[in-house]
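Peer 1: I have a structure I would like to understand better, so I am pasting it below and will then ask my questions one at a time.
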Amino acid sequence: MPELILSGVDLVLETRRKLAVNGRLVREAPIDGDYNEQKAREKEFPNAKRRYVGPSRTYNCHGLTFAARRAEVHWDQVKVILKHDDYVPVARPKVRPGDIIVYFGETLGGLKAEPDHSGVVIDVLPFSATKVLSKWGYGDEWIHSEGDCPYSKKYVEFFRISDCPRNPAT
């Protein structure tokens, strides 16, 4: 029986409060540019560790962070998810593995813009070196320090779900 492959299909995800969040299920094959971009990233960020999951258009960084790699989540849905999944800001000294990091873009006037990138904190090392698992573009996943990535570091915030029993916000 031939396998059914859906490409470019809207996928409705739900927050904890049952609010619909738009996702996109994309099953397109990577293109040569995706592979070339990954090679360039290795040279540009030699301290980052590439996780060879293969370039994939199935999910993006927000899909990794908020949708368990099931879908691409558009940047305009990130603030909705943060609010309706009961995420609360976490001060840098209280960041723990399992928290999430959101990189916000910057406007031409230097103000905080919309979410550009997100990832999951996997380790907090001495001297505030935070290790993050994220996905860069349509490429592989990367393990990198908070500031060692191709996204603006000027506006970075950490969050966790407010009632997470293993990791209280206070």
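Peer 1: From the set of residues in the range 59-80 that are buried (at least 24 other Cβ atoms within 10 Å of the Cβ) and polar (S, T, N, Q), which is farthest from Glu146 (Cα to Cα)?
Peer 2: Only one residue fits best here, namely Asn60.
Peer 1: Let me ask something additional. Tell me which residues, restricted to the range 13-30, are over 18 Å from the mean Cα position of the chain (by Cα) and part of a strand (DSSP E or B).
Peer 2: Within the range 13-30, the subset over 18 Å from the mean Cα position of the chain (by Cα) is 16-20, 27-30.
Passing the criteria: only Ala20.
Peer 1: How many residues are surrounded by fewer than 16 Cβ atoms within 10 Å (Cβ to Cβ) and of a type in the set (Gly, Ala, Ser) when one looks only at the range 38-50?
Peer 2: The total comes to 1.
Residues checked against (1) of a type in the set (A, V, I, L, M, F, W, C); (2) buried (at least 21 other Cβ atoms within 10 Å of the Cβ); (3) free of Cβ contacts under 8 Å to residues at least 40 places away in the same chain; (4) closer than 17 Å to Lys153 by Cα:
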position	(1), (2), (3), (4)
Leu82	yes, yes, no, no
Val90	yes, no, no, yes
Lys94	no, no, no, no
Ile101	yes, yes, no, yes
Thr107	no, no, yes, yes
Val121	yes, yes, yes, yes
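Peer 1: Here's a follow-up. I need the strands (runs of 3 or more DSSP E) fully contained in the range 65-170, keeping only those with at least 1 residues that are more than 25 Å from Asn47 (Cβ to Cβ) and modelled with pLDDT of 95 or more.
Peer 2: On the way: elements: 87-90, 100-106, 112-125, 129-135, 141-145, 155-161.
Once the strands (runs of 3 or more DSSP E) in the range 65-170 are filtered for at least 1 residues that are more than 25 Å from Asn47 (Cβ to Cβ) and modelled with pLDDT of 95 or more, what remains is 87-90, 155-161.
Peer 1: Within the range 1-30, take every residue that is of a type in the set (S, T, N, Q) and within 28 Å of Asp163 (Cα to Cα) and give me the one that is modelled with the highest pLDDT.
Peer 2: Applying the filter and picking the extreme gives Thr15.
Peer 1: Right, something else. How many residues are touching a residue at least 24 places away in the same chain (Cβ under 8 Å) and over 16 Å from His74 (Cα atoms) if we restrict to the range 123-150?
Peer 2: 17
Peer 1: Which condition breaks for Val53 when tested against (1) assigned to a loop (DSSP other than H, G, I, E, B); (2) in contact with a strand residue (DSSP E or B) (Cβ under 6 Å, 6 or more places away or on another chain); (3) buried (at least 17 other Cβ atoms within 10 Å of the Cβ)?
Peer 2: Result: Val53 passes all but (3).
Peer 1: Restricting attention to the range 41-57, which residues are out of contact with any Phe, Trp or Tyr (no Cβ under 9 Å at 6 or more places or on another chain) and within 30 Å of Asn22 (Cβ to Cβ)? Walk me through how you get there before you give the answer.
Peer 2: The initial filter retains those residues of the range 41-57 that are out of contact with any Phe, Trp or Tyr (no Cβ under 9 Å at 6 or more places or on another chain), namely 42-44, 46-47, 52-54.
Within the range 41-57, Tyr52, Val53, Gly54 qualify.
The values are calculated or read from the model by the stated rules, or taken from the named source; none is laboratory data. Predicted model only: the values in this text are computed from it and were never measured. No Cβ is skipped: glycine too gets one built from the backbone with ideal geometry, and neighbour counts run over all protein chains shown.
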